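*Asks:* Starting off with a structure, shown below.
Rule-based calculations on the coordinates, nothing more; no lab input. Predicted model only: the values in this text are computed from it and were never measured. Heads up, the Cβs are rebuilt from the backbone with ideal geometry, glycines too, and the neighbour counts pull from every protein chain shown.
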There are 2 protein chains.
Amino acid sequence: MRIVVLAGGIGGARFLRGLKRAAPDADITVIGNTGDDIHLFGLKVCPDLDTVMYTLGGGINEEQGWGRADETFHLKEELTAYGVGPDWFGLGDRDFATHIVRTQMLSAGYPLSAVTEALCDRWKPGVRLIPMSDDRIETHVAVTLPDSGATPDSGERKAIHFQEYWVRLRASVPAEAVVPVGAEQAKPAPGVLEAIAGADVVLFPPSNPVVSIGTILAVPGIREGIADAGVPVVGLSPIVGDAPVRGMADKVLAAVGVESTAAAVAEHYGSGLLDGWLVDTVDAGSVERVEAAGIRCRAVPLMMTDLDAAARMAREALTLAEEVRGA
Amino acid sequence: MRIVVLAGGIGGARFLRGLKRAAPDADITVIGNTGDDIHLFGLKVCPDLDTVMYTLGGGINEEQGWGRADETFHLKEELTAYGVGPDWFGLGDRDFATHIVRTQMLSAGYPLSAVTEALCDRWKPGVRLIPMSDDRIETHVAVTLPDSGATPDSGERKAIHFQEYWVRLRASVPAEAVVPVGAEQAKPAPGVLEAIAGADVVLFPPSNPVVSIGTILAVPGIREGIADAGVPVVGLSPIVGDAPVRGMADKVLAAVGVESTAAAVAEHYGSGLLDGWLVDTVDAGSVERVEAAGIRCRAVPLMMTDLDAAARMAREALTLAEEVRGA
């Protein structure tokens, strides 16, 4: 079975680990979000690709869900001692190596997809990981900064990098708009459209529907490719009981005018794209509303508390995909 | 008193620490060797500048004489795990920060001299540290690699980077030639010639006469500036009892046809440049030969076993400079 998964960071990575357990013989291609990539200290950092790679390759910091296990932060401490920032983005000493290798290869002319493949040669994630695009796409968030007087730009409306919104500001101000800058001119990376066209099923893990999966779908050709593939497309709600399972998905959902409910997210994807949708058992009441929108819906436990729970969720998604296919 | 010191790495840095103790009120300008700078992992590494900066700024690993105190090597371990080399150059996690900040500033268009000044803003070495040049100069060593069959180039005669000769090969094959590539086209960094012209005394610490002080003197204008300054120029022998005090200076002395003795090094500099020369007490027998070459010479203890010993050596050098001046 060939499975294509669109993945953001932590939620996508943990779901993928469950999927590998649930379907050990499947041929899994992961299309990774690169909209939250950022240049820091002259280095190219790809947080979502790395989270998938480290999680599936056994190098992740399990507790925090991102970054490396057994990590130290001496390099970052020294950068701060030099007065060189930003200091709000947590890069560890081991993690830095990935960004240095990536940056060197990019400087040598390799596209990000080839670089990602080379990095995965070491990590052996057991899936094929492809960035959504080799072209630069950067998710920006329009915000009005608090009029605190604390910084020169306080009170101003401005567009900031997604990481600045998410990590530095911790989504503490409303996102007025979310724009994947550069997406319109971007092309899917080599292998992305081929994987979609050859898939038996396409899955949307409980990743952020706006800044993770939404950004991937914004690359011209990807949304159309999935809609036209003629295979079951099944997603899992990242919203449980009207709140994000993790992260601050509600903040960016508001920016695109979508309420923070499992049903609203399904409607946001729409029946033109999505065939099946899993909501948590606490949201069983919304199954009817989702099905009324033309999307087959089941209520199952969606709390990814451990690998077993993630595997059960993956099995439910594959079961729903078979139901869709048989319908 | 304005003192100009030409410095390499460990020997120069330790002597400078003694000089600061010996002449606490002196205005000291250090012209640092950049011929052993190297690009590693896309980063600009300046080993000699950093050794001076860390030693005088209190950040040095005292035991090994280079690199940072309390250092870890996680980043380098990870680069090796990625199969990315070279693995023979010891860059620690804290040390990496210096190279990242330097590389970022160079990429932004700042010359190395301005970058060095910015790095020293943090370290406060108590001297003005200027690289010999803002232009790229790279010391290469011509060698015939052992015909071991172990590598594709074994048995070949080739020019390799100084660090490859010094650190990787540990000077295990004869140096057939030493060439500061790029020196002929280079200009002294801003402030170098001005400091020399305004100096009351110029000192050559017991640094390597070929690949450290020799490289600095190879930058057009520096040797002439020192010879024309009309102030005492005093050096300290890095050779004690026919062997280098540390390092492998004898290996590169052979490449320039100079025997490994305290007297031969003085003659190599020559009386056109050097006014005074300190040899170790074990080399007292060579004082006559050096003076016959027109260079005033004294035999004093030259083993820099600790800061006190380094300070005593610096005092002897300044005393000899006064003797030269009074002559």
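*Asks:* Rounded, prolate or oblate, given the Cα gyration tensor of segment A:223-327, with a/c below 1.5 counting as rounded? The partial results should precede the final answer.
*Replies:* Working: a/c = 1.57, a/b = 1.12, b/c = 1.40.
Oblate shape, in that a/c is at least 1.5 and b/c is the bigger or equal ratio.
*Asks:* Restrict the search to segment B:150-227; then list the GluC sites (Glu not before Pro) that DSSP places in a loop and that have at most 11 other Cβ atoms within 10 Å of their Cβ. Before the final figure, lay out each step's value.
*Replies:* Details: sites: B:GLU156, B:GLU164, B:GLU176, B:GLU184, B:GLU194, B:GLU224; in loops: B:GLU156, B:GLU176, B:GLU184.
Passing both the DSSP loop test and the Cβ count: B:GLU156, B:GLU184.
*Asks:* Taking only the alpha-carbon positions of chain A and ignoring solvent, what does the Debye formula give for the base-10 log of I(q)/I(0) at q = 0.12 Å⁻¹?
*Replies:* -0.80
*Asks:* Roughly how big is segment A:189-327's charge dipole about its Cα centre, with Cβ charges of +1 (Lys, Arg) and -1 (Asp, Glu), in debye to the nearest 20? Intermediate values should be presented prior to the final figure.
*Replies:* Values: 9 positive and 18 negative charges, 33 e Å.
I would put it at about 160 debye.
*Asks:* Right, next: Compute the acute angle (0 to 90°) between the alpha-carbon long axis of helix B:10-22 and the principal axis of greatest extent of the alpha-carbon atoms of chain B; round to the nearest 10°.
*Replies:* 40
*Asks:* Let a ≥ b ≥ c be the square roots of the eigenvalues of the Cα gyration tensor of segment A:59-213; is it rounded (a/c under 1.5), or, if not, prolate (a/b larger than b/c) or oblate? Present the calculation step by step, with values, prior to reporting the outcome.
*Replies:* Numbers: a/c = 1.88, a/b = 1.27, b/c = 1.49.
Note, shape of segment A:59-213 comes out oblate.
*Asks:* Using DSSP, restrict attention to beta bridges with both residues in the protein assembly as shown and report what percent are antiparallel, rounded to the nearest 5.
*Replies:* Values: 34 of 80 bridges.
Close to 45 percent.
*Asks:* Right, here's the next one. Below 8 Å between Cα atoms, with a sequence gap of 6+, how large is the relative contact order for segment A:138-181 in percent?
*Replies:* Details: 70 pairs, mean separation 23.2, N = 44.
53 percent.
*Asks:* Anything over 27 Å Cα to Cα? Flag those among A:LYS124/B:LYS158; B:LYS20/B:LYS76; A:LYS44/A:LYS76; A:LYS76/B:LYS187, in the order listed. The partial results should precede the final answer.
*Replies:* On the way: A:LYS124/B:LYS158 38 Å; B:LYS20/B:LYS76 34 Å; A:LYS44/A:LYS76 16 Å; A:LYS76/B:LYS187 35 Å.
Result: A:LYS124/B:LYS158; B:LYS20/B:LYS76; A:LYS76/B:LYS187 exceed 27 Å.
*Asks:* At 7 Å along the Cα-to-beta-carbon direction for both B:TYR110 and B:GLU323, put a label point, then send me their distance in nm to one decimal.
*Replies:* Here the answer is 4.3 nm between the modelled labels.
*Asks:* Ok, one more. Give the average, rounded to an integer, of partner chain Cβ atoms located within 10 angstrom of each Cβ in A:94-106. Could the numbers behind the result be given before it?
*Replies:* Details: counts 8, 3, 8, 13, 4, 1, 11, 8, 1, 3, 6, 2, 1.
Mean inter-chain Cβ contacts per residue within 10 Å come to 5.
*Asks:* I would also like to ask the following. Say a label goes 7 Å from Cα toward Cβ at B:ARG128 in every copy; what distances in nm does this one have to the rest, shortest first?
*Replies:* Those label-point separations list as 6.2 nm.
*Asks:* Right, another one. Return the sequence-ordered ³J(HN,Hα) values of segment B:163-179 in whole Hz as given by the Karplus equation 6.51 cos²θ - 1.76 cosθ + 1.60 applied to θ = phi - 60°, using x for Gly and Pro.
*Replies:* Karplus-based 3J(HN,Hα) across segment B:163-179 equals 5, 5, 5, 7, 8, 6, 8, 6, 6, 7, 10, x, 7, 8, 7, 10, 10 Hz.
*Asks:* Let me ask another. Sort largest first and round to whole Å: the equivalent ellipsoid semi-axes of segment B:138-181, each the square root of five times a Cα gyration tensor eigenvalue.
*Replies:* Numbers: eigenvalues 61, 21, 15 Å².
Working through the eigenvalues yields semi-axes of 17, 10, 9 Å.
*Asks:* Measuring from a point 7 Å out along Cα→Cβ, what nm distances, shortest first, does A:GLU224 have to its partners in the other copies?
*Replies:* Label-point distances to the other copies, shortest first: 6.8 nm.
*Asks:* Where a ≥ b ≥ c are the square roots of the eigenvalues of the C-alpha gyration tensor, would you call segment B:180-276 rounded, which needs a/c under 1.5, or, failing that, prolate if a/b is larger than b/c, or oblate?
*Replies:* Working: a/c = 2.21, a/b = 1.44, b/c = 1.54.
It is oblate, given that a/c is not under 1.5 and a/b is not larger than b/c.
*Asks:* Same structure, new question: For a quick check, take a GNM of chain B with Cα springs below 10 Å and name the residue from B:ASP87, B:ASP50, B:ASP95 with the largest mean-square fluctuation.
*Replies:* B:ASP87
*Asks:* Hey, for A:GLY85 with labels 7 Å out along Cα-Cβ, what do the inter-copy distances come to in nm, ordered shortest first?
*Replies:* Label point to label point, same position, other copies: 4.1 nm.
*Asks:* I need the phi-derived Karplus couplings for segment B:208-213: 6.51 cos²θ - 1.76 cosθ + 1.60, θ = phi - 60°, integer Hz, Gly and Pro marked x.
*Replies:* Taking θ as phi minus 60°, the curve returns 4, x, 9, 8, 10, 5 Hz for segment B:208-213.
*Asks:* Right, next: Normalised by the residues of segment B:232-286, what does the relative contact order come to in percent, with Cα pairs under 8 Å and at least six apart?
*Replies:* Values: 70 pairs, mean separation 26.4, N = 55.
Contact order relative to length: 48 percent.
*Asks:* Also: For segment B:239-256 and segment B:1-48, what is the separation of their C-alpha centers, rounded to whole Å?
*Replies:* Each part's Cα centre sits 20 Å from the other's.
*Asks:* Tilt of helix B:47-57 relative to the longest C-alpha principal axis of chain B, in degrees (0 to 90, nearest 10)?
*Replies:* Tilt relative to chain B: about 70 degrees.
*Asks:* Going by alpha carbons, how many degrees (0 to 90, nearest 10) lie between the helix axis of A:93-107 and the longest principal axis of chain A?
*Replies:* Here the helix axis deviates by roughly 90 degrees.
*Asks:* Here's something else I'd like to know. Between the DSSP loop rule and a limit of at most 11 other Cβ atoms within 10 Å, which trypsin sites (Lys or Arg not before Pro) in segment A:74-174 are left?
*Replies:* On the way: sites: A:LYS76, A:ARG94, A:ARG102, A:ARG122, A:ARG128, A:ARG136, A:ARG157, A:LYS158, A:ARG168, A:ARG170; in loops: A:ARG136, A:ARG170.
The qualifying sites are A:ARG170.
*Asks:* Same structure, new question: Under 8 Å for C-alpha pairs, at least 6 residues apart: give me the relative contact order for chain A, rounded to a whole percent. Intermediate results must be reported in sequence, preceding the final value.
*Replies:* On the way: 675 pairs, mean separation 63.2, N = 327.
After rounding, I find 19 percent.
*Asks:* Let me ask another. Can you list, largest first and rounded to whole Å, the semi-axes you get for the protein assembly as shown by taking the square root of 5 times each eigenvalue of its Cα gyration tensor?
*Replies:* Details: eigenvalues 814, 124, 69 Å².
Rounded to whole Å, the semi-axes are 64, 25, 19.
*Asks:* Quick one: Karplus J couplings for segment B:271-280, per residue in order, coefficients 6.51, -1.76, 1.60, θ = phi - 60°, nearest Hz, x for Gly and Pro?
*Replies:* Rounded to whole hertz, the list is 6, x, 10, 9, 9, x, 8, 9, 10, 6.
*Asks:* What's the FRET efficiency of B:ALA118 with B:ALA69 using the Cβ-Cβ distance as r and R₀ = 22 Å, to the nearest 0.05? Display every interim value, and only then the final one.
*Replies:* Values: r = 22 Å, r/R0 = 0.98.
Result of the calculation: an efficiency of 0.55.
*Asks:* Further, regarding this structure: Using Cα springs under 10 Å in a Gaussian network model of chain A, which residue among A:THR72, A:THR144, A:THR80 shows the largest mean-square fluctuation?
*Replies:* Residue with maximal mean-square fluctuation among A:THR72, A:THR144, A:THR80: A:THR80.
*Asks:* Kindly work out what percent of the DSSP beta bridges joining two residues of chain B are antiparallel, to the nearest 5.
*Replies:* DSSP beta bridges in chain B are roughly 45 percent antiparallel.
*Asks:* Out of B:PHE204, B:PHE96, B:PHE73, any idea which swings most in a Gaussian network model of chain B, alpha carbons joined below 10 Å?
*Replies:* Looking only at B:PHE204, B:PHE96, B:PHE73, the largest GNM fluctuation is found for B:PHE73.
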